[in-house]
Amino acid sequence: MSKTMKRTFILLIGVLAVIAVLFMNASRPAAGYGIGDYASDFELPNIDGEMVSLSDYSGVKGFIVIFTCNTCPYAKAYESRIIDLDKEYASKGFPVIAINPNDINKQPGDSMEEMKKRSKNKGYTFPYLRDNTQTVAKSFGATKTPHVYVLKKEAEEKYKVEFIGAIDNSPNDPGDVSEVYVEDAINALLNGEKPVVTEKRAIGCTIKWS
Amino acid sequence: MKKIVIWCMVLMSFSLSAQLVEPIKFTKLQEKILSSNSELTVFNFWATWCAPCIKELPHFETLNSKDNVKVYLVSLDFPDQLDKVRKFISKKNLNSEVLFLDEKDPDTYISKVSQEWSGAIPATLFVTDLGKTFFYEKAFDKEELEKTVNEYLY
């Protein structure tokens, strides 16, 4: 090997190393979806033993995907409002899909068995899926429960993220709600408009990561 | 007589350690964030219902032994849970100043605390005396917190 070849070789290795480091750093934070991104479909087990994917649904206009759980007080505070959302909007083309991403070693109350009980006792009208590997929560960029994503189905396998965040502006007191963010977003989409408010934050329990 | 003296001391120590927590609005909290005058001021956002928050509380409590660090524990418990928070404080004998945030709509303050905050707790904001802020949406273990604090102190 000539000296120049050696130098080029070393330089090349150096450049590759730098690229590798940049690439690793760029891919490290699980940033998740932003408004306008397209959500990937997933396949997760439901409390009835069946697997559920977005593509299973025909004739829908979109989805209300909610990362939630049995154990977080905020999730519990919103539970009946989530059921109401499904009752109101499933028939209009926006069904609720609830996903529980909590690690069951850290939060045994979120096991599939407990999910089944809760769903039955509270009369969930929507699928309640278990994200055991937490890959769906990570791909969405969910950080807490409850964490809502309103998706608009533009075409097959094209699920556009139109709203992220909180259901309304009064987590503690359902009687004191004056802004209904998720409802407003879906009503806009049903009217063929863009939601005015696309992101609202709420307090929630950190997802119990494995 | 001895017994009475001891009882008096016990009662006094109770009344000294028991801080009376009152609800505050976010504007008050924001003032504290903007006008922190310790070398490092730590705002830890927690709630009595948040298990990972309770787990990391003792680590924040030990920070009070440092003269140049001021710790605020900002409770995000539901507004009707003030009594529960008060009981928790006296039971755990918390030394840090506890603030009971009384706001209805979290969206109005979350992004003002930090743009990086999605709203999950535990979450912690560090403010240096130069007004620099560092935000973490995560739980700390003892070593991590120590390391982080030292990093911002020196």
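Readers should treat all values here as calculations from the given coordinates under stated rules, not as data from a laboratory. These figures come from a predicted structure and were not determined experimentally. So basically every Cβ, Gly included, is an ideal-geometry build from the backbone, and we count neighbours across all protein chains shown.
Counting 0.36 nm for each residue step from A:Ser210 to A:Asp176 and taking away their Cα separation leaves a gain of 8.6 nm.
Using the Cβ-Cβ distance between A:Ser40 and B:Lys92 with R0 = 51 Å, the FRET efficiency computed as 1/(1 + (r/R0)^6) comes to roughly 0.70.
Across segment A:194-209, coupling constants 3J(HN,Hα) worked out from phi with the 6.51/-1.76/1.60 Karplus curve, θ = phi - 60°, read 7, x, 6, 9, 10, 9, 9, 9, 9, 6, x, 8, 3, 4, 7, 6 Hz, and Gly and Pro carry x. Using 26 Å as the Cα-Cα cut-off, could you pick out the over-long pairs in B:Lys55/B:Lys147; B:Lys70/B:Lys147; B:Lys84/B:Lys132; A:Lys152/A:Lys200; A:Lys76/A:Lys138; A:Lys76/A:Lys200? In this structure, B:Lys84/B:Lys132 exceed 26 Å between Cα atoms.
The value of relative contact order for chain B, using C-alpha pairs under 8 Å at least six residues apart, is 30 percent. Comparing A:Pro174, A:Ser58, A:Pro45 along the charge dipole axis of segment A:40-189, the residue lying farthest to the positive side is A:Pro45, per the Cβ-charge model. For the pair B:Asp67 and B:Glu22, label points projected 7 Å from Cα toward Cβ lie 3.1 nm apart. Would you please give the FRET efficiency between A:Glu199 and A:Ser91, computed as 1/(1 + (r/R0)^6) with r the Cβ-Cβ distance and R0 = 22 Å, to the nearest 0.05? With R0 = 22 Å, the Cβ-Cβ based efficiency is 0.25.
For segment A:27-162, the relative contact order is 40 percent, taking Cα pairs closer than 8 Å that sit 6 or more residues apart in sequence and dividing their mean separation by the residue count. In a DSSP loop and with at most 15 other Cβ atoms within 10 Å, the GluC sites (Glu not before Pro) in segment A:118-210 are A:Glu156, A:Glu157, A:Glu179, A:Glu193. Taking Cα centre as origin and charging only the Cβ of basic (Lys, Arg, +1) and acidic (Asp, Glu, -1) residues, the dipole magnitude of chain B rounds to 700 debye. Most simply put, chain B has about 45% antiparallel DSSP beta bridges, counting only bridges with both residues inside it. Proximity of backbone amide H atoms, modeled 1.01 Å from N, is registered between A:Val52 and A:Leu44, A:Asn46 at under 5 Å, excluding neighbours fewer than 5 places apart on the same chain.
Each label was represented as a point 7 Å from its Cα along the Cα-to-Cβ direction; for B:Lys147 and A:Glu113 these points are 3.8 nm apart. In the protein assembly as shown, the DSSP-assigned H stretches of four residues or longer account for a calculated mean residue ellipticity at 222 nm of -11500 deg cm²/dmol, using -39500 (n - 2.57) per stretch and the full residue count as denominator.
Label-to-label distance, B:Gln115 versus B:Asp83, with points set 7 angstrom from Cα along the beta-carbon direction: 4.3 nm.
Restricting the calculation to Cα atoms, every distinct pair contributes to the Kirkwood radius of chain B, found to be 16.3 Å. Among the trypsin sites (Lys or Arg not before Pro) found in segment A:116-163, not one is both in a DSSP coil and sparsely packed, with 15 or fewer other Cβ atoms within 10 Å of its Cβ.
Applying a 4.7 Å Cβ-Cβ cutoff to chain A, the cysteines left without a disulfide-compatible partner are A:Cys69.
Phi angles across segment A:34-49 convert, under the Karplus curve 6.51 cos²θ - 1.76 cosθ + 1.60 with θ = phi - 60°, into 3J(HN,Hα) values of x, 4, x, 6, 9, 7, 7, 5, 9, 9, 10, x, 8, 4, 8, x Hz, Gly and Pro given as x. Once the C-beta distance of B:Gln30 and A:Lys122 is scaled by a Förster radius of 51 Å, the resulting FRET efficiency is 0.85 to the nearest 0.05.
The angle separating the long axis of helix A:73-89 from the principal Cα axis of greatest extent in chain A is about 70 degrees.
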